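The values are calculated or read from the model by the stated rules, or taken from the named source; none is laboratory data. Being a predicted model, the structure only gives us computed values, none of them experimental. Because the Cβ atoms are built from the backbone with ideal geometry, glycine has one as well, and the counts that use them run over all protein chains shown. The protein model used for the area step is the full one, side chains on, heavy atoms only, and it has no ligands, DNA or RNA in it. Shrake-Rupley method; radii C 1.70, N 1.55, O 1.52, S 1.80 Å.
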Amino acid sequence: MTVRAFWEGKYHNNETGWDRGSASPALLDWLKELQPCRILVPGCGRGHEVIELARRGFDVTAVDIATPAIDHMQAMLEKEKLTATLIHGDLFEIELPPFDAIYEQTCLCAIQPSQWKEYEQWLHNHLKPGGQLLALFMQTGAEGGPPFHCDLSEMKPLFDASRWQWPESEGDAVAHPSGRHEMAHLIQRK
């Protein structure tokens with residue numbers, strides 16, 4: 001089964017436990033400080049965060065591999081008379097100019113851990129120096145996935161201090177409707 005078929009099957013079978021139905025509370029907190037800019041949302045799903053960012057004047061580009069996710073987001077954008085650039089495809093096959101910020105919530109935990117280093121490199125390449133990675137690391141505490149457990153003891157070496165500046169705080173725990181939680185970190189690209 002292809003990656004696209006896997007994720008499209010999740011939508012067709014209504015197996016979308018990652019979808020909270022609205023923008024993440026962490027994003028809403030970050031938006032108190034973050035000014036409109038060019039922002040990328042990889043693995044955007046139904047795009048609740050994309051819609052919220054577009055409402056607030058951000059120049060949003062969103063990527064997802066699943067057709068139902070892109071179709072839903074397009075319909076929501078049209079309904080609210082908002083604009084965003086939607087890209088339907090495998091993010092590892094897409095090259096874009098660097099962005100001022102990237103919102104990472106559901107992509108890292110959805111891809112195979114064997115691809116995490118490649119994904120970190122992709123994020124680094126698509127974020128301007130000094131740009132901000134708004135990251136929510138899924139904490140499942142379980143083996144296997146998706147979603148895969150993004151233990152902070154693995155995330156810090158993955159987003160290495162030679163390339164990324166982590167905040168001094170430990171981050172905020174954000175409850176997820178699935179019963180899990182995510183750790184919110186605002187990381188800056190060096």
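Quick grid of which residues meet (1) touching a helix residue (DSSP H, G or I) at 6+ places or on another chain (Cβ under 9 Å); (2) within 23 Å of Trp30 (Cα to Cα):
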residue	(1), (2)
Phe99	no, yes
Ile102	yes, yes
Thr106	no, yes
Trp116	yes, no
Asn125	no, yes
Phe137	yes, yes
Glu143	no, no
Pro146	yes, no
Filtering segment 46-71 down to residues that are without any contact (Cβ under 8 Å) to a residue 40 or more places away in the chain and assigned to a helix (DSSP H, G or I), which residue is nearest to Arg20 (Cα to Cα)? His48
Mind checking which residues of segment 59-83 are of a type in the set (A, V, I, L, M, F, W, C), under 19 Å from Leu123 (Cβ atoms) and open to solvent by 10 Å² or more (accessible area, probe 1.4 Å)? Ile65
Can you pull out every residue in segment 140-164 that is touching a strand residue (DSSP E or B) at 6+ places or on another chain (Cβ under 7 Å), open to solvent by 30 Å² or more (accessible area, probe 1.4 Å) and aliphatic (A, V, I, L, M)? Leu152
